[in-house]
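Right, one structure below, let's go through it.
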Amino acid sequence: MQNPLVSIVIPFKNTEDYFLECLSSISQQSYLNFEVIAVDDSSTDGSKKIATIIANTDDRFTVLTNQGTGIISALQLAYRKAKGTFITRMDADDVMSSTRLEVMVRSLQKYGTNHIAVGKVKYFSATGVNDGYAVYESWLNSLTADGKNFSEIYKECVIPSPCWMVHKSDFDRCGAFNSEVYPEDYDLAFRFYKNHLKCIPCDEVLHLWRDYSTRTSRTSGHYAENTFLDLKFDYFKEIELNPNKNIVLWGAGKKGKTMAQKLINAAIDFRWICNNTKKIGKHIYEVEMQSVTALKEIENPQLIITVANQEDQKAIKTLLESLHLKSYEDYYFFC
């Protein structure tokens, strides 16, 4: 089929200030064969009215009401109604580039199943984009340009939500929106990774991320740092943990201590190393802190690295490569 149907699922709640711009960016797509399934998640503003007006003038748009509560329930309802060959998602406060659907469809047609079409993203804000988001945007786009998103999945969410598209058959194989785990976008990225989907390189900005003070990712507890660490650790245990290797935790800061507690609670033996001379030789959670030099004496190590400083990460990677250790086999950066 030359122009297969694309299903776009959109959960929305109280986004009346931005929703019309979002929906307009979809209606103005260069690719015409799509359906939008927008699900109202208990809005108390005019969001549903805006969506209904669009749906009354364009039969490609459908508006439903969430019978459950929350974004996952809304996504599940939308997906049950989806009829497309390809599946993608949209956030009600963001904007699509005019060619996003076309670029993604053509990419999937070229590469076939077992692939994810992604695109570069750009933050925008009425008050300016803070440095943290700018760094994340740059890092994510560098991965997307080469299709190497999964090479750093334990750092942050590497699939630019909601800027992705997949074959429906692949989406079903990965569990679709059936998971109840938050943050739902990062969990989906891990399920794509677990099922060995490959990202298609893309050097075009296809999605504009709107940042503002009440954005869900800023205000909801589902997107707190500890939730991300829980998700990373659970998937690490499921996908990466090698019983034939010796687990080594590198870093004794806040995240390092959190990961140590998780390893202890999971009854996983580990060695703990760091560069902080004030901590070396002391015991934290009854585990002795050792010098990084101890790594040379550990056979078959599998490292969880919680050091966040970029320059320190480069030095660590250089050291590990000199020891003939391989990324995403022998070591994983968790921040």
Quiz prompt | Matching option when the condition is of a type outside the set (A, V, I, L, M, F, W, C) and either at pLDDT 95 or above or open to solvent by less than 30 Å² (accessible area, probe 1.4 Å) (or both), among T69, T44 | solution = T44
Practice problem: List every residue pair whose Cβ atoms sit under 8 Å apart, with the two residues 6 or more apart in sequence or on different chains, where the first one lies in region 324-335 and is surrounded by 17 or more Cβ atoms within 10 Å (Cβ to Cβ) and the second, anywhere, is small (G, A, S). | Solution: C335/A308
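Go through the residues of region 240-258 one by one and say whether even a single one is of a type in the set (F, W, Y), surrounded by 12 or more Cβ atoms within 10 Å (Cβ to Cβ) and assigned to a helix (DSSP H, G or I).
Going residue by residue through region 240-258, those that are of a type in the set (F, W, Y) are 250.
Keeping just the survivors that are surrounded by 12 or more Cβ atoms within 10 Å (Cβ to Cβ) gives 250.
With assigned to a helix (DSSP H, G or I) added as a condition, the list becomes none.
No, region 240-258 contains no residue that is of a type in the set (F, W, Y), surrounded by 12 or more Cβ atoms within 10 Å (Cβ to Cβ) and assigned to a helix (DSSP H, G or I).
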Quiz item: Is it the case that I280 is out of contact with any Gly (no Cβ under 8 Å at 6 or more places or on another chain), open to solvent by less than 70 Å² (accessible area, probe 1.4 Å), at pLDDT 95 or above and assigned to a loop (DSSP other than H, G, I, E, B)?
Solution: yes
Exercise. Name the residue, out of I305, I298, I264, that is at pLDDT 95 or above, open to solvent by 60 Å² or more (accessible area, probe 1.4 Å) and of a type in the set (V, I, T).
Key: I264
Quiz item: For region 111-121, what are the residues that are over 20 Å from the mean Cα position of the chain (by Cα) and in contact (Cβ under 8 Å) with a residue 60 or more places away in the chain?
Solution: Y111
Self-check item: region 21-41, residues that are surrounded by fewer than 17 Cβ atoms within 10 Å (Cβ to Cβ) and hydrophobic (A, V, I, L, M, F, W, C)
Solution: L32
Practice problem: Could you figure out which of (1) farther than 24 Å from Y328 by Cα; (2) among the hydroxyl-bearing types (S, T, Y); (3) part of a loop (DSSP other than H, G, I, E, B); (4) open to solvent by less than 40 Å² (accessible area, probe 1.4 Å) isn't true of Y123? | Solution: (3)
Quiz item: Residue check, M90 against (1) open to solvent by less than 50 Å² (accessible area, probe 1.4 Å); (2) modelled with pLDDT under 95; (3) not polar (S, T, N, Q), all met but one. Which one?
Solution: (2)
Quiz item: Of the residues in region 143-188, how many are more than 9 Å from the chain's Cα centre (by Cα) and outside any loop (DSSP other than H, G, I, E, B)?
Solution: 18
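The values are calculated or read from the model by the stated rules, or taken from the named source; none is laboratory data. All of these numbers come straight from a predicted model, not from anything done at the bench. As a convention, Cβ positions derive from the backbone with ideal geometry for all residues, glycine included, and neighbour counts pool all protein chains shown. Please note that ligands, DNA and RNA were not included when accessible areas were found on the heavy atoms of the full protein model with its side chains. Shrake-Rupley method; radii C 1.70, N 1.55, O 1.52, S 1.80 Å.
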